[in-house]
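Undergrad: Below are the structure tokens for one structure; questions will follow.
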Amino acid sequence: MYDYLIVGSGLFGSIFAYEAGKKGYKCLVVEKRDHIGGNIYTKEVEGIQVHEYGAHIFHTSNKEVWEYIRQFAEFNRYTNSPIAYYKGEIYNMPFNMNTFNKMWGVVTPGQAQEKIAEQIEKFGVEEPKNLEEQAINLVGKDIYEKLVKGYTEKQWGRRATELPPEIIKRLPVRLTYDNNYFNDCYQGIPVGGYTQIIEKMLDKTEVRLNTDYLEEKEQLDKISRKVVYTGPIDAFYEYKYGELEYRSVRFETEVLDEENHQGNAVVNYTEYEVPYTRIIEHKHFEFGTQPKTVVSKEYSAPWKRGDEPYYPVNNERNNLLYEKYAREAAEEEKVIFGGRLGRYKYYDMHHIVAEVLKCAEENL
């Protein structure tokens with residue numbers, strides 16, 4: 001018998017197992033994949049830590065969260081400064097004075113504000129009815145057409161004129177020459193990858209890989225006092241109210257016989273005609289000097305059952321549907337729901353750490 005059966009060995013499940021273990025509880029972690037770590041899993045290829053499920057950059061302004069995660073690994077000083085590629089042109093992200101200088105030749109913040117305001121006024125739409133109108137109302141036509149439109153349409157799989165304006169409530173406009181994507185106090189990548197962090201968290205916990213909880217639910221529930229479930233909440237309830245929507249991601253990863261392929265860890269491809277959304281060059285996360293390099297092209301894809309769900313589609317329809325599942329989940333005495341899929345919410349890693357520590361405090 002186990003005190004806690006933990007479904008999923010990602011960050012939420014692993015931290016819960018670690019905290020429960022510290023208090024003497026006996027836990028069993030079951031993982032559907034053939035490895036631990038969930039989507040933060042990293043694997044060494046050619047001496048390079050490859051982020052198998054997309055780029056993961058740890059950032060937070062919460063000192064407690066930062067100190068907590070750093071007990072499991074040394075973090076480097078990596079600063080996320082992605083660049084955008086549009087038809088042979090390179091622009092800095094997020095939108096900042098470097099971007100505006102390249103776009104229009106402006107030099108001062110006042111000139112940039114004037115240019116954006118001029119384009120918004122010329123557009124003349126007071127009440128945006130779709131994402132395109134909303135975005136132009138925030139940053140003007142030039143930035144929208146080169147750096148927002150194509151990327152957003154690839155991400156969502158729909159034209160911007162068909163997407164609701166609420167999706168882009170704000171777009172970051174930074175009136176300084178600062179390419180740091182995040183505003184957080186603390187930022188970095190664990191030296192040696194993320195998998196080591198999960199290994200340390202689960203060091204004293206029994207783990208079963210290649211185990212699908214929902215297929216073996218009846219048997220697994222019998223051997224545990226409580227369940228911590230980090231899978232899709234609608235799948236747990238056998239889609240009784242209907243399917244929640246997710247976006248999925250497909251990766252094409254290859255080893256290249258060159259030392260430096262693109263000169264940056266993250267390059268976004270913002271034109272619609274390029275099928276992938278971005279290319280990740282993994283060695284730059286740890287300032288690598290290996291003779292070869294590993295790159296991953298990311299393709300946004302619609303989700304269907306059997307695919308890996310990555311991002312919840314938090315529009316009105318899905319949020320209302322989730323509320324039905326959430327009400328039922330709140331009545332569960334034996335099951336705790338957590339993580340991005342269990343709570344149908346887009347969490348960054350620092351959000352997960354804070355949420356699971358709070359959950360552990362309330363339940364252990």
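The values are calculated or read from the model by the stated rules, or taken from the named source; none is laboratory data. Since the structure is predicted, the reported quantities are computational estimates derived from the model, not experimental observations. When we count neighbours, we look across all protein chains shown, and the Cβ atoms used for this are built from the backbone with ideal geometry, even at glycine. Heads up: the accessible areas ignore ligands, DNA and RNA and are worked out on the full protein's heavy atoms, side chains in. Shrake-Rupley method; radii C 1.70, N 1.55, O 1.52, S 1.80 Å.
Undergrad: One residue is enough: does region 181-200 have a residue meeting the conditions among the β-branched types (Val, Ile, Thr), more than 23 Å from the chain's Cα centre (by Cα) and modelled with pLDDT of 95 or more? Before the answer, list the steps.
TA: Taking region 181-200 as the starting set, the residues that turn out to be among the β-branched types (Val, Ile, Thr) are 189, 191, 195, 197-198.
Add one more test, that the residue is more than 23 Å from the chain's Cα centre (by Cα), and what stays is none.
No, that holds for no residue.
Undergrad: Another question, if that's okay. Have a look at TYR241, TYR272 and point out the one that is within 18 Å of GLU153 (Cβ to Cβ), assigned to a loop (DSSP other than H, G, I, E, B), out of contact with any strand residue (DSSP E or B) (no Cβ under 9 Å at 6 or more places or on another chain) and touching a residue at least 40 places away in the same chain (Cβ under 8 Å).
TA: On the way: TYR241 fails: within 18 Å of GLU153 (Cβ to Cβ).
On inspection, the qualifying residue turns out to be TYR272.
Undergrad: For region 230-251, check the following and say yes or no: at least one residue is in contact with a helix residue (DSSP H, G or I) (Cβ under 9 Å, 6 or more places away or on another chain), among the aromatic types (Phe, Trp, Tyr) and within 30 Å of ILE69 (Cα to Cα).
TA: Going through region 230-251, the residues in contact with a helix residue (DSSP H, G or I) (Cβ under 9 Å, 6 or more places away or on another chain) turn out to be 230-237, 240-247.
Pick out the ones that are also among the aromatic types (Phe, Trp, Tyr) and you get 236-237, 241, 246.
Still in the running and within 30 Å of ILE69 (Cα to Cα): 236, 246.
Looking through region 230-251, at least one residue is in contact with a helix residue (DSSP H, G or I) (Cβ under 9 Å, 6 or more places away or on another chain), among the aromatic types (Phe, Trp, Tyr) and within 30 Å of ILE69 (Cα to Cα).
Undergrad: May I pose another question? For region 77-122, name all the residues that are aliphatic (A, V, I, L, M), touching a residue at least 12 places away in the same chain (Cβ under 8 Å) and buried (at least 17 other Cβ atoms within 10 Å of the Cβ).
TA: Across region 77-122, the qualifying residues are ILE83, ALA84, MET93, MET97, MET103, ALA112, ILE116.
Undergrad: Residues being part of a helix (DSSP H, G or I), under 15 Å from VAL139 (Cα atoms) and touching a Pro at 6+ places or on another chain (Cβ under 9 Å): count how many of those fall in region 55-111.
TA: 2
Undergrad: On the given criteria, is GLU316 at pLDDT 95 or above and acidic (Asp, Glu)?
TA: Numbers: at pLDDT 95 or above: no; acidic (Asp, Glu): yes.
Here the answer is no, as GLU316 does not meet what is asked.
Undergrad: Sort out which residues of region 138-163 are open to solvent by 40 Å² or more (accessible area, probe 1.4 Å) and in a loop (DSSP other than H, G, I, E, B), and write them in order of number.
TA: Taking region 138-163 first, the residues open to solvent by 40 Å² or more (accessible area, probe 1.4 Å) are 138, 141-142, 145-146, 149, 151, 155-159, 161-162.
Selection gives GLY157, ARG158, ARG159.
Undergrad: If we scan region 177-200, do we find a residue that is over 30 Å from GLU67 (Cα atoms) and either basic (Lys, Arg) or surrounded by 16 or more Cβ atoms within 10 Å (Cβ to Cβ) (or both)?
TA: Within region 177-200, the first condition is being over 30 Å from GLU67 (Cα atoms), and the residues that meet it are none.
No, there is no match, as no residue in region 177-200 is over 30 Å from GLU67 (Cα atoms) and either basic (Lys, Arg) or surrounded by 16 or more Cβ atoms within 10 Å (Cβ to Cβ) (or both).
Undergrad: Give region 124-165 a look and list any residue that's touching a residue at least 24 places away in the same chain (Cβ under 8 Å) and hydrophobic (A, V, I, L, M, F, W, C), or say none.
TA: Of everything in region 124-165, those that are touching a residue at least 24 places away in the same chain (Cβ under 8 Å) and hydrophobic (A, V, I, L, M, F, W, C) turn out to be LEU131, ALA135, LEU138, VAL139, ILE143, LEU147, VAL148, TRP156, ALA160, LEU163.
Undergrad: Next question. With in contact with a Lys or Arg (Cβ under 8 Å, 6 or more places away or on another chain) and either part of a strand (DSSP E or B) or closer than 24 Å to PRO165 by Cβ (or both) as the only criterion, which of ILE352, ILE336 stands out? Walk me through it before giving the result.
TA: Values: ILE352 fails: either part of a strand (DSSP E or B) or closer than 24 Å to PRO165 by Cβ (or both).
Being in contact with a Lys or Arg (Cβ under 8 Å, 6 or more places away or on another chain) and either part of a strand (DSSP E or B) or closer than 24 Å to PRO165 by Cβ (or both) holds for just one of ILE352, ILE336, which is ILE336.
Undergrad: Moving on. Among the residues of region 201-219, what is the count of those that are open to solvent by 40 Å² or more (accessible area, probe 1.4 Å) and either within 9 Å of ALA73 (Cα to Cα) or outside any loop (DSSP other than H, G, I, E, B) (or both)?
TA: 6
Undergrad: Yes or no: region 323-331 includes at least one residue that is open to solvent by 20 Å² or more (accessible area, probe 1.4 Å), outside any helix (DSSP H, G or I), modelled with pLDDT of 95 or more and acidic (Asp, Glu).
TA: From region 323-331, those open to solvent by 20 Å² or more (accessible area, probe 1.4 Å) are 323-324, 326-328, 330-331; that's our starting set.
Keeping just the survivors that are outside any helix (DSSP H, G or I) gives 331.
Subsequent filtering for residues that are modelled with pLDDT of 95 or more retains 331.
Retained after the next criterion (residues that are acidic (Asp, Glu)): 331.
Yes, because at least one residue in region 323-331 is open to solvent by 20 Å² or more (accessible area, probe 1.4 Å), outside any helix (DSSP H, G or I), modelled with pLDDT of 95 or more and acidic (Asp, Glu).
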